[in-house]
Structure formats: C-alpha cells, structure tokens
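Values in this text are rule-based calculations from the coordinates and carry no lab data. Just so you know, these numbers come straight off a predicted model, no measurement behind them. Here the Cβ is made from the backbone with ideal geometry for all residues, glycine too, and neighbour counts use every protein chain on show.
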Amino acid sequence: MNECRDAYLKEIVKAIYDGEDVYLVAADLAAPCLDKLREDYPQRYVSVGIAEQSLIAVASGLALTGKKVIAYTSNPFLVFRAFDQIRNCVCAMKLPLVLLGLGAGFTPPDYGFTHFILEDINILRGSTELTIYNVSDVNLAGYVAQKTLNLSSPIYVRIDRLVDAEYELTTNDVDRGFRVLHKAVNKKICVVSTGIMSTECFEVIKSRQDFLNNVDLIDVFSFPFDEKALVDELKNCYKIVTVEEMRLQGGLGSAVFETLGDAGIYIPVQRLGVDISRGLSSHYGSREWHLKQFGLDRNSIAEKIEKSLSDR
Amino acid sequence: MLKKLKELRKTCLKMSHAGKDGNLQSVFSSLEILYALYNGVMNWSPQIATSSERDYLIVSKGQATMGQYVVLSDLGLFSTDELMTFCNFDSRFGMQADRTKFPEGGIENSAGSLGHGFPMAVGVAMAHKIKGKTNNVYVLAGDGEMNEGTMWEAAIFATSKKLSKLCLIIDDNESISKMLSIGSLEKKLREFGFAVANCDGHNVNEIMTNIKSLQKEAEMNQSPACLIAHTVRGYGCQTLMTDPSWFHRFPNDEELKNLTKEVDTFCENK
C-alpha cells in the first residue's frame with residue numbers, strides 16, 4: 001500500500017540524496033523509509049528524544065540558520081504538547097518550517113482519548129502565518145513534499161497513515177486549497193469534507209446513482225482556503241453537508257459557515273463531525289466503531305445525504 | 001561601573017519614560033552581560049549582523065530586551081531617536097523583541113514566552129555543528145526561567161550532542177528563590193555535563209574573562225558551557241534595587257529626574 005507518510009517522506013529522502021539541505025528533527029518517531037537515509041546521512045535526522053517542546057524550539061533554531069527543517073513526531077503531541085512553541089518559535093517568527101504530525105482523528109483507536117487527534121486543526125486554524133495541509137491522498141502528500149523544499153512560511157502537515165487514495169490534483173486545486181472530487185449533473189447538495197472523510201464520502205456517493213446525479217463532493221485540504229472560490233462552488237446548491245473526523249467546534253463545518261456568512265450567502269449547512277456536547281467516548285474500540293458512534297461511518301453519512309435529498 | 005554603562009542605563013530610563021512601560025529591574029540586571037557580549041566576546045558588528053559568519057545571541061529572557069536595544073544602538077545599529085519610539089504605536093521597539101521587524105539583523109529571535117530561547121539556541125548551535133562551522137552561540141536566560149522544563153530538555157540535548165560552541169549565560173538575580181527554588185544551578189548543570197563558572201554579573205571584565213576560559217574548557221570537554229552571572233535586580237539605581245514595584249513600572253517626569261540622578265551618583269562600593 002502506498003500511503004501518505006511514505007509518499008511524503010520518500011520525496012524528502014530523494015531530495016536529500018539529490019543535495020537539498022533538508023533536516024528532519026524528530027521526537028521519538030522514524031519510519032522504515034528513513035532507515036537508509038539515517039545510515040547514509042546520519043546528521044540529517046536529528047533526534048531530540050521524547051521532548052516535543054524541545055522538538056519545535058530546536059527545529060526553529062535550525063531554521064533560523066536558513067536550513068529546510070521538518071519537525072516530525074506523532075500527533076496529537078506535536079500540536080497539543082508544544083502549542084506555545086508553535087505559536088511563538090514558529091508562527092510569530094514566520095519561520096519557513098514544516099510541522100509534520102503523524103496521525104489523525106480516532107487513531108490509534110485502542111490507545112484512548114490521550115492519543116485522539118480531534119481538535120488540532122481547530123486550534124491551529126487561528127494561528128497566524130500557518131498553512132495547514134490535511135493530507136487526503138498520496139498525490140497531495142507528494143505536492144506538500146515538493147512545497148517543503150521551497151517554503152516561505154510555516155506549514156502544518158497532518159498525515160493519516162490509513163489514507164491511501166489517489167485523486168487528481170491540479171495547480172488550480174493547490175491555489176484554492178480544495179478540489180472538487182465529484183461534480184453532479186444536478187447540483188442539489190454539496191458535501192464538503194476533509195482528510196480521510198473525503199475518501200469515505202467519495203465511496204458513499206459512488207455507491208448510489210441518485211447521489212452521483214445530485215451530490216457534489218469537495219475535499220478541503222488546506223486551511224486557510226480560497227474563500228471566494230469555495231463560495232463560487234457552493235452558492236448554487238440548496239444544502240451543504242460538511243463531514244470531518246474532528247470536533248465540530250472551530251473545524252471544517254465552522255469554516256464553511258464563516259465563509260458563507262461573510263459572503264452573505266445563506267444556505268443550510270448540516271455539520272457531521274465529533275459533537276463534544278455528547279461527551280467524548282471513553283470506550284476503547286476500532287476507528288470504525290468510534291466513527292459510527294458519531295455518525296461518521298458510511299451508512300450514517302449516506303442516511304444524512306438521502307434525507308437531505310428527500311427534504312427538498 | 002563603566003561610564004558607558006551609566007549612559008546606557010540613563011537611555012533606558014528615558015525610553016521607559018517615553019514609552020510609558022518597562023521592565024527596568026530586569027534590564028539593569030542584565031545590562032553588563034549584554035554589553036560584555038557585544039563589546040569583547042562575540043564576533044559581531046552591525047556590518048556582519050546578517051552574515052553567516054557572525055556569532056549569535058539568543059535572548060531567552062525577554063524582559064532584558066530593552067537592554068539589547070540600547071547596547072545595539074550604542075554600536076550603531078539603531079539611532080537613539082528611533083529608540084525613543086519605544087512602545088509607541090507602530091514602533092519597532094516593543095517590550096519584547098519581534099525579530100520580524102529587524103531585517104538589518106541584531107535581533108535574532110522573538111522573545112516573550114520564557115523557556116523557548118535556550119532550545120532555539122541549541123538548534124542554531126546544532127545547525128552550525130552539522131556544517132562544521134565554528135560560530136559561537138550565546139543565550140541570555142534568567143534564573144527564574146530555569147523553572148521551565150524546556151530549559152532542561154535543551155540542556156540534555158546540548159550535552160548529548162556535545163555542543164561546545166554553545167554558551168548559556170544565566171542572569172542570576174535570585175528570582176528563582178522567590179518562586180520555586182531548585183537548589184544549586186551550578187551543581188545541576190555540572191551534573192548535566194556543562195562546563196560551569198560563576199562570576200559577578202555586573203563586572204564586564206569578569207564576564208569576558210570567564211566566558212573565554214569557559215569556552216576553552218568546553219572545547220576541551222566537548223561540552224556546552226554555562227556562566228552563572230550573579231546580579232542584582234535594578235542594579236545601578238538605588239531605588240530600582242530596593243523597591244520591588246519597579247519590576248514593571250515606568251518613571252514619570254519627576255521620577256525620571258531622580259532616577260537619572262541616582263544612576264549618575266551610583267557608587268559600586270555602597
């Protein structure tokens with residue numbers, strides 16, 4: 001399986017072998033595709049130990065000298081443990097640095113709440129100078145790797161190892177921060193999703209002809225995104241359904257609401273995501289189990305779309 | 001005290017008066033350290049302020065920022081007139097430095113959140129070590145800042161990576177003992193593997209001499225260095241040394257006159 005972590009890191013490894021001055025600063029995380037690099041170029045992989053705050057600050061110091069630096073560790077600790085460092089050492093100083101977080105949503109599911117990654121984008125959306133990439137396919141992972149080599153400001157790259165989809169990615173998509181994964185003949189409903197939920201929604205739409213005929217699908221992979229362009233895509237549908245494996249507060253659905261509201265466009269929006277008003281699950285279980293609890297499994301998503309279509 | 005240091009203190013008082021803000025006690029505590037670094041220790045001048053050959057100073061103790069401004073201005077990087085815009089609307093000179101406002105160099109890092117500067121400096125030193133470069137990297141930290149866990153994460157990393165070009169200078173004005181005393185900094189840092197020395201943090205010559213000998217020891221041991229500079233909050237002005245309210249306060253017109261006079265008449269043997 002070609003997954004997004006390898007798609008990203010293999011590009012970086014290749015760039016280092018090609019002579020790019022790139023450094024991975026890591027806190028207790030590696031990857032099999034880095035093994036040979038670590039033997040051939042040991043100085044390009046700097047381990048700070050299990051110390052996420054140190055990770056961000058040390059990586060910032062390396063970036064201050066002009067190096068291309070990737071701060072790499074497991075989510076959620078990258079963001080939550082070191083948020084003040086991200087805010088002050090990276091964003092406030094506008095350092096061109098990559099925050100590479102491995103993990104998204106209800107993963108790893110059997111570790112419980114401490115390891116869930118449900119509000120990282122919600123928190124980071126408010127960060128100045130930072131662009132977020134919620135990597136939703138391997139082509140996007142490859143694009144972000146190329147971008148890493150020519151950064152002018154910091155980026156947060158959120159990689160879900162279970163994402164192995166491949167979608168077309170155009171220059172226009174990259175400029176806008178989203179892409180249309182499916183365009184229906186009759187544009188009645190628009191589903192807007194992010195991360196692995198884009199794959200899930202695509203599978204749901206492909207499974208039924210009435211969905212294929214009536215439902216658009218947009219994958220928002222970057223925050224911020226081109227708000228005007230998104231409004232242009234959404235303004236002619238009569239209902240929007242947003243789908244995210246994130247907390248609802250401040251997440252994708254909120255961003256869509258804000259964008260429409262600022263543009264004076266009033267279209268009903270139904271947000272599907274992790275609704276914390278129901279409390280966080282204290283159960284251990286599979287990712288699929290958790291998604292089902294919050295109505296984010298394929299059947300639940302299909303039901304919501306079907307109801308939206310029949311409500312018309 | 002060197003006449004120059006008195007002049008710099010008086011400039012600080014004027015800035016604080018003009019900008020209606022200031023951490024004068026912290027600034028006066030650090031001023032000799034900053035002066036010594038830029039005037040005899042570091043390979044640094046306004047002409048090489050953005051050159052890759054320069055030595056770096058990362059100010060981890062953000063409250064000392066005003067002191068860095070005046071020392072750099074004294075070396076010609078900024079005009080005195082511009083300094084007097086301190087804390088005015090749209091000034092480049094705030095209470096805590098903003099690196100992005102100084103394309104001409106001098107201010108290497110934005111400061112304000114304690115415990116960040118030292119690990120950042122460790123990253124700078126690591127970058128130089130990887131490239132086989134010999135730039136020295138200095139960090140100015142406060143003793144109170146040593147309560148932050150990140151300072152010790154950085155210390156572990158620095159010794160593990162044998163960052164012998166890294167020199168941590170702790171402005172030890174005994175803040176930590178008023179909050180959460182952690183015992184002997186010297187003993188702890190030695191245990192962490194640092195070359196450590198103590199000195200009078202208000203004696204410029206002593207600071208310079210100690211840093212130079214520490215650097216030799218660090219090179220020999222392949223370890224980072226730490227100078228614990230013993231200082232007094234508000235040093236150089238009797239009122240600032242004795243009245244704690246001056247930690248965060250600015251002088252009014254009358255106080256400016258009185259404090260300036262105190263600086264002028266300050267006698268080190270008092």
For chain B, what is the Kirkwood estimate of the hydrodynamic radius, computed as the reciprocal of the mean inverse distance between distinct Cα atoms, to one decimal in Å?
18.5 Å
Just in the stretch B:192-270: which GluC sites (Glu not before Pro) are loop by DSSP and have at most 10 other Cβ atoms within 10 Å?
B:Glu268
Once you average over the residues of B:108-115, how many Cβ atoms of partner chains fall within 10 Å of each Cβ?
4
List the equivalent ellipsoid semi-axes of the stretch A:179-311 in whole Å, largest first, each obtained as the square root of 5λ for an eigenvalue λ of the Cα gyration tensor.
23, 18, 13
Mind giving me the nanometre distance, one decimal, between the label points for B:Ser181 and B:Lys101, set 7 Å out from Cα along Cα→Cβ?
3.9 nm
With 10 angstrom as the radius, rank B:Ile33, A:Ile117 by how many other C-beta atoms surround their C-beta, starting from the fewest.
A:Ile117, B:Ile33
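Between B:Thr239 and B:Lys162, what length comes free when the chain is fully extended (0.36 nm per residue of separation minus the Cα-Cα distance, one decimal in nm)?
Result: 23.4 nm gained on full extension.
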If you average over every viewing direction, what projected area does the convex hull of the Cα atoms of the stretch A:195-260 give, in nm²?
4.5 nm²
For B:Lys187, list the aspartates and glutamates whose Cα falls under 15 Å from its own Cα; do not include residues on the same chain fewer than 8 positions away.
B:Asp143, B:Asp172
As an exercise, take the mean of 1/r over every pair of distinct alpha carbons in the stretch B:1-79, invert it, and state the Kirkwood radius in angstroms.
13.0 Å
Of B:Ile130, B:Ile176, B:Ile107, which is the most mobile in a GNM of chain B whose springs link Cα atoms less than 10 angstrom apart?
B:Ile130
Go through the stretch A:160-166 residue by residue and turn each phi into a ³J(HN,Hα) via Karplus (6.51, -1.76, 1.60, θ = phi - 60°); whole Hz please, and just put x for glycine and proline.
9, 5, 7, 7, 10, 5, 9
What order do you get for B:Arg92, A:Arg278 when you list them from fewest to most C-beta neighbours inside 10 Å?
A:Arg278, B:Arg92
Calculate how steeply helix B:149-160 sits against the longest principal axis of the alpha-carbon atoms of chain B, using the helix alpha-carbon long axis, and give the answer as 0 to 90 degrees to the nearest 10.
40 degrees
Under-5 Å amide H pairs with A:Val69, H placed in peptide plane, nonlocal only
A:Tyr23, A:Val98
Hey, in the GNM for chain A with a 10 angstrom Cα cutoff, which one of A:Ser300, A:Ser193, A:Ser60 fluctuates hardest?
A:Ser300
In sequence order, calculated HN-Hα J values of the stretch A:30-42 (Karplus, 6.51, -1.76, 1.60; Hz; x Gly/Pro)
9, 5, x, 6, 9, 4, 5, 4, 5, 7, 6, 10, x
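In what sequence, highest mean first, do B:71-77, B:22-28, A:34-40 appear when ranked by Cβ atoms within 10 angstrom?
Final packing ranking: B:22-28, B:71-77, A:34-40.
Taking 41 Å as R0, compute the FRET efficiency from the Cβ-Cβ separation of B:Glu268 and A:Glu129 and round it to 0.05.
According to the calculation, E is roughly 0.35.
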Given an 8 Å cut-off on Cα distances and at least 6 residues of separation, report the relative contact order of chain A as a percent.
16 percent
Non-local amide H neighbours of A:Val241 (under 5 Å, H modeled in plane, Pro and chain starts lacking H): which ones?
A:Cys190, A:Val191, A:Val192, A:Gln270
For the protein assembly as shown, list log₁₀ I(q)/I(0) at each q in 0.07, 0.11, 0.13 Å⁻¹, using the Debye formula over Cα point scatterers of equal strength and ignoring solvent, two decimals each.
-0.50, -0.99, -1.20
Report the relative contact order of chain B, percent, no decimals, based on alpha-carbon pairs under 8 angstrom and at least 6 residues apart.
25 percent
For the stretch A:113-201, listing trypsin sites (Lys or Arg not before Pro) in a DSSP loop whose Cβ sees at most 14 other Cβ atoms within 10 Å gives A:Lys183
Please arrange A:Ile12, A:Ile276 by how many other C-beta atoms lie within 10 Å of their C-beta, fewest to most.
A:Ile276, A:Ile12
Please identify the cysteines of the protein assembly as shown that lack any partner cysteine with a Cβ under 4.7 Å from their own Cβ.
A:Cys4, A:Cys33, A:Cys89, A:Cys91, A:Cys201, B:Cys12, B:Cys87, B:Cys167, B:Cys199, B:Cys226, B:Cys237, B:Cys267
Tally the DSSP beta bridges in chain B and give the antiparallel ones as a percent, rounded to 5.
0 percent
On a full-extension model of 0.36 nm per residue, what is the gain between A:Ile276 and A:Glu303, subtracting their alpha-carbon distance, rounded to one decimal in nm?
7.6 nm
Along the Cα→Cβ direction, 7 angstrom out, place labels at B:Lys212 and A:Ser153. What is the inter-label distance in nm?
4.7 nm
To the nearest 10 degrees, how steeply does helix B:204-221 sit against the main Cα axis of chain B, on a 0 to 90 scale?
10 degrees
For A:48-56, mean number of other protein chain Cβ atoms within 10 Å:
6
On a 0 to 90° scale, report how tilted helix A:196-206 is relative to the longest principal axis of chain A, with both axes built from alpha carbons and the result rounded to the nearest 10.
30 degrees
Distance from the Cα centre of the stretch A:174-220 to that of the stretch B:54-132, in angstrom?
49 Å
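Looking only at other chains, what is the average number of their beta-carbon atoms within 10 angstrom of each beta-carbon in B:147-159?
For this peptide, the per-residue mean of nearby foreign Cβ atoms is 4.
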Given contacts defined as C-alpha pairs under 8 Å and at least six residues apart, what's the relative contact order of the stretch A:4-159, whole-number percent?
26 percent
Which pairs break 24 Å Cα to Cα here: B:Lys20/B:Lys178; B:Lys178/B:Lys261; A:Lys67/B:Lys101; B:Lys129/B:Lys212?
B:Lys20/B:Lys178; B:Lys178/B:Lys261
Please work out the Kirkwood hydrodynamic radius for the stretch B:5-143, using every pair of different C-alpha atoms, and report it in angstroms with one decimal place.
15.1 Å
Under DSSP loop assignment and at most 14 Cβ neighbours within 10 Å, longest chymotrypsin sites (Phe, Trp or Tyr not before Pro)-free interval of chain A:
A:1-237
